[in-house]
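Right, one structure below, let's go through it.
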Amino acid sequence: MSAEPSAPPASAAPLPSEAGAAFAARAATVSTDVRAVATADVPALVIALLRDAGAHSVALESPVAAAFPTLGDTLRGVGLALVAADAPPAVLAEAAAGLSLAAFGIVETGSVAIASPALGDRLTGMLPTEHIVLLRASDLVADLDAAAARLRAWATGDPPRPYVSFITGPSRTADIERVLTIGVQGPCALHVVLVSDA
């Protein structure tokens with residue numbers, strides 16, 4: 001289990017809206033750490049979260065690299081080893097953290113949706129013990145009905161998006177003697193970086 005994350009950078013943005021504040025409040029009820037920052041401060045916050053977790057390596061989902069093209073070099077520049085999303089699953093599992101880009105977030109449940117069709121991209125959020133998800137504030141939807149509308153559009157689109165995962169908090173199970181255990185079947189910690197659109 002990781003220690004409590006340090007404070008966000010001094011220039012961290014306030015939660016961008018009532019929807020952002022509601023998302024953060026709901027996510028907190030399922031043990032998700034939500035931090036809001038301006039786009040320019042994403043690298044500093046990601047580095048702080050990785051350092052707080054004691055991570056020396058991070059698996060980087062390809063949509064993150066496309067949306068934040070300088071982030072990989074910035075992470076390498078502070079001594080973090082990057083693991084490509086197309087690495088074999090055993091290599092991805094050895095990464096201390098995974099970094100993903102959310103397709104959208106659901107305010108009602110505090111969930112994020114990951115919608116990459118590539119297996120390696122999906123595994124970056126499933127195999128490492130820490131998962132950091134970048135979520136643009138403009139990609140928040142109010143509820144599951146709004147999420148379903150997006151899913152319908154994706155399923156019937158050209159090309160269709162066949163893979164979507166909803167993530168609500170860190171991995172948890174109570175299969176064994178009904179004792180809640182965190183991180184047995186996935187990440188022990190989930191951090192959502194809510195990126196303001198300003």
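Read the figures in this text as sums done on the coordinates, not as results from a lab. The model shown is predicted, which means the values in this text are computed figures rather than measured ones. Positions of Cβ are backbone-derived with ideal geometry, glycine not excepted, and every protein chain shown enters the neighbour counts.
In order along the range 28-41, the Karplus-derived 3J(HN,Hα) couplings, from 6.51 cos²θ - 1.76 cosθ + 1.60 at θ = phi - 60°, round to 4, 5, 10, 6, 9, 8, 10, 10, 10, 9, 6, 3, 4, 9 Hz, and Gly and Pro are given as x.
Near V192, the amide H atoms lying under 5 Å from its own belong to D33, V34, R35, V133; only residues 5 or more places off or on other chains count, and H is placed 1.01 Å from N. Karplus-based coupling profile of the range 87-96, in residue order and whole Hz: 5, x, x, 5, 6, 4, 5, 7, 5, 6, with θ = phi - 60° in 6.51 cos²θ - 1.76 cosθ + 1.60 and x standing for Gly or Pro. Based on C-alpha pairs under 8 angstrom that are at least 6 apart in sequence, the range 18-195 has a relative contact order of 28 percent. The phi-based Karplus calculation (6.51 cos²θ - 1.76 cosθ + 1.60; θ = phi - 60°) puts the 3J(HN,Hα) values of the range 154-166 at 5, 5, 9, x, 10, x, x, 9, x, 10, 9, 10, 9 Hz, whole numbers, x for Gly and Pro. Charged side chains reduced to their Cβ positions (Lys and Arg at +1, Asp and Glu at -1) give the range 94-177 a dipole of some 260 debye around its Cα centre. Taking other C-beta atoms within 10 Å as the exposure proxy, T156, T29, T74 rank T156, T29, T74 from fewest upward. Once a ≥ b ≥ c are taken as the square roots of the eigenvalues of the Cα gyration tensor of the range 18-195, is the result rounded (a/c under 1.5), prolate (a/b larger than b/c) or oblate (a/b not larger than b/c)? Rounded, since a/c falls under 1.5.
Report the charge-dipole magnitude of the range 18-195 in Debye, nearest 20, computed about the Cα centre from +1 at each Lys and Arg Cβ and -1 at each Asp and Glu Cβ.
Values: 11 positive and 17 negative charges, 6 e Å.
Dipole size: approximately 20 debye.
Amide hydrogen proximity for L80: with H placed 1.01 Å from N in the peptide plane, no residue at 5 or more positions away or on another chain lies under 5 Å.
Computed over neighbours whose Cβ is under 13 Å from that of A67, the net charge equals -3, Lys and Arg +1, Asp and Glu -1. Rounded, prolate or oblate for the range 100-166? Axes are the square roots of the Cα gyration tensor eigenvalues, ordered a ≥ b ≥ c, and the cut-off for rounded is a/c under 1.5. Judged from the Cα gyration tensor, the range 100-166 comes out oblate (a/c at least 1.5, b/c at or above a/b).
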